[in-house]
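Nothing in this text is a laboratory measurement; each read-out follows from the coordinates by a stated rule. Note that this is a predicted model, so its numbers are computed, not measured. We place every Cβ from the backbone using ideal geometry, glycine too, and count neighbours over all the protein chains shown.
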Amino acid sequence: MKKLLLVFMAFILTGGAITMAKELDQPFAKGEINPYSKFFTGTTHLQMLVTKDDTWNSSIGNVTFDKGARTNWHKHSGGQILLVTAGEGRYQEKGKEIQILKKGDVVKIPPNVEHWHGAAPDSEFAHISIESNLPNNETSWLEPVTDKEYK
Ligand code: MN
């Protein structure tokens, strides 16, 4: 009876661990560790969906943020559009209030507006990033978003 109880306890503990490690449910592949990680705080992943070429002049990628992960402050000379696909996120333009982002939200970031985007402190987050107006769109990376700015 004692042995049976131990097996049962192990089952419960293992089940709990599996639940906690569950992947964010999102429509596009999570991809690999973001190659631009030095411009981010925390862990993010990137899966490119459309790479820049001469036909569509678009660069589209799926970005997945761990809880609390976010971009540095930055700006895009040709603007950017974010399509939120999963989790809860944050978006802020310099000098404005932080906005809460949910699945289905569309964020249109005008050219040269300083901003950051990322996950909520207690939720993973994923958005599609569309770089508009290619080939005239350069990203300028600035300082990290401090914990004080983020909270
Ligand atoms: Mn951006």
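In the neighborhood of Gly89, defined by Cβ-to-Cβ distances under 10 Å, what is the net charge if each Lys or Arg adds +1 and each Asp or Glu adds -1? With Lys, Arg at +1 and Asp, Glu at -1, the neighbours total +1. Within region 82-105, whose backbone N sits under 14 Å from a point 7 Å along Cα→Cβ of Lys30? Once the point is set 7 Å along Cα→Cβ of Lys30, 86-87 turn out to lie under 14 Å by backbone N, inside region 82-105. Taking a straight line from the alpha carbon of Lys38, these lysines sit under 19 Å away, with near neighbours fewer than eight places off in the same chain left out: Lys30, Lys67, Lys75. Near Lys102, which aspartates and glutamates are there with a Cα under 13 Å away, not counting those fewer than 8 places off in the same chain? Candidates past the 8-residue exclusion: Glu88, Glu124. Taking the Cβ of Asn62 as the center, what net charge do the other residues with Cβ under 14 Å away carry, scoring Lys and Arg +1 and Asp and Glu -1? In short, -3.
Taking 0.36 nm per residue of separation and subtracting the Cα-Cα distance, full extension of the segment from Lys108 to Leu83 would add 8.1 nm. For Val113, the amide hydrogen comes within under 5 Å of the amide hydrogens of His76, counting only partners 5 or more places away or on other chains and with H modelled in the peptide plane. At a Förster distance of 25 Å, what's the computed FRET efficiency of Asp122 paired with Leu49, Cβ-Cβ distance as r, to 0.05? For R0 = 25 Å, the calculated efficiency reads 0.35. Against the chain, whose longest principal axis is taken from its Cα atoms, helix 2-20 shows a tilt of about 10°.
Here the Karplus relation 6.51 cos²θ - 1.76 cosθ + 1.60, evaluated at θ = phi - 60°, turns the backbone of region 144-151 into coupling constants of x, 7, 5, 4, 5, 5, 6, 6 Hz, with x for every Gly and Pro.
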